[in-house]
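The values are calculated or read from the model by the stated rules, or taken from the named source; none is laboratory data. From a predicted model like this one, the values you see are computed outputs, not experimental measurements. Reconstructed Cβ throughout: ideal geometry from the backbone, glycine too, with neighbour counts over all protein chains shown. Ligands, DNA and RNA are stripped out before the accessible areas are found, and what is left, the full protein with its side chains, is counted by its heavy atoms. Shrake-Rupley method; radii C 1.70, N 1.55, O 1.52, S 1.80 Å.
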Amino acid sequence: MSRDGTAMRELTWRAVLLGGLLTLMFTAANVYLGLKVGLTFATSIPAAVISMALLRFMSGATILENNIVQTIASAAGTLAAIIFVLPGLIMVGYWQGFPMIETTAITMFGGILGVLFSVPLRRALVVDSDLPYPEGRAAAEVLQVGAASAEGAAENSAGLSALVWNSLISAGFTLLTQMKIAAGEVAHWFKVGAGATGIGGGLAFALFGVGHLVGLSVGIAQLVGLITGWWILLPILTQGGPGDAETLANTVFRADVRFFGAGVIAIAAIWTLIKIAGPVFGGIRSAMAASKARGAGAVMAVEEQDLSVGWVFGGSLFMLLPIGWLLHSVLSGGPLAGSSFILIAGALVFVIVAGLMIASVTGYMAGLIGASNSPVSGIGILSIIASSLLLVGLLGRGGGSEASAAMVAYALIVTGIVFGIATIANDNLQDLKTGQLVGATPWKQQVALMIGVVFGSLVVPPVLNVLNDSMGFVGVPGAGPNALAAPQAGLISSLAQGVLGGDLNWTMLGYGVAAGVGFILLDALLGRMGKLRLPPLAVGIGIYLPMAVILPVTIGAVAGWFYDRWADKRANAEFAHRMGVLTATGMIVGESLFGVLYAGIVAGTGNDAPLAVVGEGFQLPSVFIGLGLFVALVVMSYARTRKAVETTA
């Protein structure tokens with residue numbers, strides 16, 4: 001409500017359209033970033049800043065409209081994390097490209113269920129919880145400051161400037177790496193006795209920016225994982241292996257170490273689910289009581305008006321119809337067609353039961369450490385193992401190579417739907433926390449979230465096809481030298497093949513689970529001592545992602561910690577912190593959007609290195625140029641941000 005008691009504009013056409021436009025940008029950026037390095041970034045804060053910078057030129061713009069814009073944009077950008085699963089269908093040879101209808105349907109159906117499942121969770125994990133929701137609170141602060149005064153407008157302009165400036169620096173440096181003038185990665189491989197390992201990191205602004213956003217606790221936890229995987233496990237597991245140091249280390253990493261990391265992530269995710277079971281059930285009971293009171297005519301405060309439980313339950317059951325149609329279309333005409341009924345029935349039960357549990361876990365993780373930090377890919381690992389075991393239980397193993405391949409594809413598609421639930425629930429509760437703090441109407445936000453899901457679902461397939469046609473994926477026949485790693489998709493498809501083929505690396509998974517228990521105990525002990533926590537999920541990610549990804553994230557986390565210490569001492573500390581967030585976000589957005597543009601250039605020219613201006617003989621100079629320039633630009637970026645904070649405050 002406004003000061004004069006009239007209703008404020010909230011779910012308007014211009015908010016929906018602006019949210020949709022921002023969706024195009026953030027979804028494309030997140031798809032590229034996720035396929036390249038296995039990480040995505042939260043888009044709530046940049047969406048809020050851009051929205052306020054643009055809508056303030058229009059009459060009657062309100063804080064609630066800006067909240068709707070960031071809600072749509074952030075939900076759609078988060079949905080891009082579906083790429084942690086879908087490329088697996090290319091890797092196993094089931095798809096040659098990403099069909100528009102099937103890809104959109106998998107993404108959209110899971111996303112809408114994620115919105116519906118998060119409605120009762122709002123009371124458990126947002127209203128009746130003391131979870132911090134760091135990104136949700138930060139987005140609310142941005143909206144509140146921007147709506148408060150002319151000073152807020154000045155801060156928003158400074159924030160938008162930081163976002164654009166750092167996007168240009170990031171994109172410009174990435175251009176130099178594609179011209180081969182600057183190296184994109186620095187690495188050194190060496191023998192350790194009869195074994196091998198190495199040290200290296202990507203010269204990538206996107207990774208550095210992600211590190212700033214995730215913070216020191218997660219960054220150091222990932223460093224612990226890196227040390228565990230690359231400097232403890234690898235030297236042991238590679239003893240006596242054939243080949244040069246680089247080949248040996250990478251081969252053993254893919255075959256053994258990443259499964260160890262998957263075990264750590266699996267047990268950490270299960271532990272999280274156990275911890276939050278009580279609050280979740282309590283929240284569901286609270287939501288049902290509130291819906292009953294509202295139906296009896298009780299007047300509910302605007303901030304308490306969720307979609308009714310009837311709509312949630314009815315909508316969830318209704319969504320099973322199009323999901324059943326999708327699964328039937330996948331099975332019809334294939335080697336599993338004769339078992340369609342039992343496979344579809346089992347999958348629908350799995351989607352509901354596993355979806356509810358996973359939505360609870362990811363929502364809790366978002367509240368605890370933020371959507372950016374939440375390892376939803378770890379949830380994907382649990383989902384693919386569970387769905388594959390379900391298929392083994394229903395049909396058993398065997399049936400020939402064609403049937404086995406079809407079972408792997410079916411498991412991936414079912415997991416894709418569940419993963420859509422996970423990613424959206426992870427982001428939605430963050431957005432609903434923002435709404436709670438700014439006085440938004442929950443049901444309008446929940447509708448906006450569904451709109452965001454639809455926008456994002458339509459954007460994902462064409463972006464995926466451009467990247468697949470121009471670059472391809474590592475390990476897929478015909479992939480070029482710039483092939484995208486898609487690490488989670490590769491791991492998840494390998495897990496499905498292993499479970500269904502009976503040859504999964506259970507030994508390393510088991511060792512990982514045992515180590516994960518140790519990391520859980522260590523984290524609990526550090527918490528009791530009041531020391532820096534080491535989230536076991538983050539440790540697991542540090543183990544199973546390549547060092548080239550983890551090391552720059554860790555360095556970015558340390559740099560962000562130093563910046564935040566400086567920001568704490570400013571007169572306007574909250575604004576200083578937001579400027580740091582926008583600086584890091586600009587680094588991510590610039591490189592990611594350039595990556596999508598570059599993919600289009602590759603696809604249009606048919607050349608894997610269309611921008612290269614120097615040959616292989618320039619490789620050594622490019623390392624020194626890349627490293628020196630990268631460090632100089634990072635220093636300059638933070639210096640510019642600090643100056644903007646001092647002059648705006």
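Ranked from highest to lowest mean number of other Cβ atoms within 10 Å per residue, what is the order of the peptides 163-171, 353-361?
Final packing ranking: 353-361, 163-171.
Quick check: from the Cα gyration tensor, does the range 539-583 come out rounded (a/c under 1.5), prolate or oblate?
prolate
With a 1.4 Å probe and every protein chain left in place, tell me how much accessible area HIS328 has, in Å² to the nearest 10.
For HIS328, solvent-accessible area is about 100 Å².
Starting from the residue with the highest accessible area, list LYS531, LYS569, LYS444, LYS275 in decreasing order, probe 1.4 Å.
LYS569, LYS531, LYS275, LYS444
Could you please state, rounded to a whole Å, how far the C-alpha centre of the range 490-568 is from the C-alpha centre of the range 420-482?
Each part reduced to its Cα centre gives a spacing of 23 Å.
Leaving out ligands, DNA and RNA but keeping every protein chain, what accessible area does ARG642 have, in Å² rounded to the nearest 10, with a 1.4 Å probe?
Number for this one is 100 Å².
Pop the C-beta distance of TRP325 and PHE190 into the FRET formula with R0 = 41 Å and round what comes out to the nearest 0.05.
Taking R0 as 41 Å, the efficiency between TRP325 and PHE190 is 0.15.
What list of ³J(HN,Hα) couplings, whole Hz, do you get for the range 502-512 from phi and the Karplus terms 6.51, -1.76, 1.60, once you set θ to phi - 60° and write x for glycine and proline?
Calculated HN-Hα couplings, in order: x, 10, 5, 6, 5, 4, 5, 4, x, 4, x Hz.
Going from most exposed to least, what order do SER74, SER157 have by accessible area with a 1.4 Å probe?
SER157, SER74
Using only helices, what value at 222 nm comes out for the chain when you add -39,500 (n - 2.57) per DSSP H run of length 4 or more and divide by the total residues, to the nearest 500 deg cm²/dmol?
Per the formula, -25000 deg cm²/dmol.
Of all the accessible heavy-atom surface of the chain, with the other protein chains kept in place and a 1.4 Å probe, what percent is carbon and sulfur?
That share works out to 67 percent.
What ranking do 572-580, 193-201, 107-115 get when scored by the average of other Cβ atoms within 10 Å per residue, highest first?
Output ranking for 572-580, 193-201, 107-115: 107-115, 572-580, 193-201.
Accessible area, 1.4 Å probe, largest first: how do ASP523, ASP256 sort?
ASP256, ASP523
For the range 303-350 and the range 166-213, what is the separation of their C-alpha centers, rounded to whole Å?
That distance is 43 Å.
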